[in-house]
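Participant: Please read through the structure below; I'll follow up with questions.
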């Protein structure tokens with residue numbers, strides 16, 4: 001688990017002011033600097049009263065950046081949910097946040113299949129950002145919504161089952177017709193939950209550190225309306241825990257890649273020209289090195 005609390009902002013009643021967004025930005029910058037995306041987020045990470053860890057200010061900041069949320073001019077309201085806006089779509093979409101794969105044996109029957117070593121490995125990344133995700137809540141009528149977390153909970157907290165229910169009902173539930181289930185999966189970094197993508201990782205990539213932004217582009221091209229989602233039931237019972245651990249770690253890495261994307265790193269280097277030392281600043285932007 002991370003020993004660091006990143007967003008130094010205490011919950012206050014009323015709307016969030018500019019100080020909140022500054023604290024979130026500073027916390028997120030430090031989170032990326034420390035490459036903390038593959039560690040459990042600290043249980044005391046600041047958030048609104050009675051909100052779970054996955055709805056913390058840090059997690060809101062991560063998803064606002066990953067999803068390029070334009071709501072309220074890029075400063076979305078933060079509670080246990082936020083509205084997501086993109087100029088390509090007519091309406092804002094409501095997202096709550098949830099843990100995807102729960103190692104608590106009382107919550108998820110799959111955890112009963114784990115040996116102690118597997119269970120400890122799963123618990124080590126249970127509260128990592130790779131095991132948290134925005135869940136859409138679709139409006140039914142008035143202020144009534146389809147509670148995505150309640151559906152997930154009713155399915156023994158099995159993420160594979162939840163995704164299948166979501167996919168099969170998407171066209172009936174989502175009023176924004178151009179925002180497809182596949183759009184949602186790419187937006188929230190869930191490519192690895194497609195069978196073809198996971199098989200590509202196993203057969204061709206094999207090592208998480210070999211996943212690059214180009215790999216992610218290739219995986220995006222594998223995904224279409226007919227793409228099959230992973231089903232935990234199709235794997236031998238004794239291998240399901242390792243599968244889930246793998247999925248979480250891969251998604252942590254993907255989120256880390258996207259959080260780092262576009263960051264600028266300044267390095268002072270020395271170069272000898274005509275027998276003299278000169279200091280030059282080197283900027284690295286998206287792996288392209290420019291000598292200024």
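Participant: Among the residues of segment 172-185, is any in contact (Cβ under 8 Å) with a residue 40 or more places away in the chain, touching a strand residue (DSSP E or B) at 6+ places or on another chain (Cβ under 6 Å) and either surrounded by 17 or more Cβ atoms within 10 Å (Cβ to Cβ) or not in a loop (DSSP other than H, G, I, E, B) (or both)?
Facilitator: No, that holds for no residue.
Participant: Follow-up question, since we're still on this one. Could you check segment 93-120 and list, in sequence order, the residues that are part of a helix (DSSP H, G or I) and at pLDDT 95 or above?
Facilitator: Scanning segment 93-120 gives no hits.
Participant: Do we find a residue being surrounded by fewer than 20 Cβ atoms within 10 Å (Cβ to Cβ), out of contact with any helix residue (DSSP H, G or I) (no Cβ under 7 Å at 6 or more places or on another chain) and more than 16 Å from residue 243 (Cα to Cα) anywhere in segment 98-105?
Facilitator: No: segment 98-105 contains no residue that is surrounded by fewer than 20 Cβ atoms within 10 Å (Cβ to Cβ), out of contact with any helix residue (DSSP H, G or I) (no Cβ under 7 Å at 6 or more places or on another chain) and more than 16 Å from residue 243 (Cα to Cα).
Participant: Output the residue which, of all residues in segment 136-157 that are in contact (Cβ under 8 Å) with a residue 24 or more places away in the chain and touching a helix residue (DSSP H, G or I) at 6+ places or on another chain (Cβ under 8 Å), is nearest to residue 63 (Cα to Cα).
Facilitator: Result: 136.
Participant: Does residue 160 satisfy the condition of being over 30 Å from residue 76 (Cβ atoms) and assigned to a helix (DSSP H, G or I)?
Facilitator: So residue 160 fails the test.
Participant: Right, next: Could you run through segment 156-171 and say how many residues are at pLDDT below 95 and surrounded by fewer than 16 Cβ atoms within 10 Å (Cβ to Cβ)?
Facilitator: Count: 1.
Participant: For segment 84-115, which residues satisfy the criterion of being closer than 21 Å to residue 144 by Cβ and within 19 Å of the chain's Cα centre (by Cα)?
Facilitator: Listed by number, the residues that qualify are 84, 93, 94, 95, 96, 97, 98.
Participant: For segment 58-83, which positions are within 14 Å of the chain's Cα centre (by Cα) and either without any contact (Cβ under 8 Å) to a residue 60 or more places away in the chain or not in a helix (DSSP H, G or I) (or both)?
Facilitator: Within segment 58-83, 58, 60, 61, 64, 67, 68, 69 qualify.
Participant: Every residue in segment 219-259 that is assigned to a helix (DSSP H, G or I), more than 18 Å from residue 108 (Cβ to Cβ) and over 19 Å from the mean Cα position of the chain (by Cα), please.
Facilitator: 221, 222, listed by residue number.
Participant: If a residue must be under 18 Å from the mean Cα position of the chain (by Cα), over 19 Å from residue 81 (Cβ atoms) and in a loop (DSSP other than H, G, I, E, B), how many such residues does segment 10-49 contain?
Facilitator: Of the residues in that region, 6 qualify.
Participant: Now for a different question. Could you please give the count of residues in segment 114-144 that are in contact with a strand residue (DSSP E or B) (Cβ under 9 Å, 6 or more places away or on another chain) and surrounded by 16 or more Cβ atoms within 10 Å (Cβ to Cβ)?
Facilitator: The total comes to 10.
Participant: Tell me the residue from 239, 183, 233, 175 that is closer than 24 Å to residue 88 by Cα and modelled with pLDDT under 95, please.
Facilitator: 175
The values are calculated or read from the model by the stated rules, or taken from the named source; none is laboratory data. Model, not experiment: these values are computed from the prediction. With ideal geometry, Cβ positions are generated from the backbone for all residues, glycine too; neighbour counts draw on all protein chains shown.
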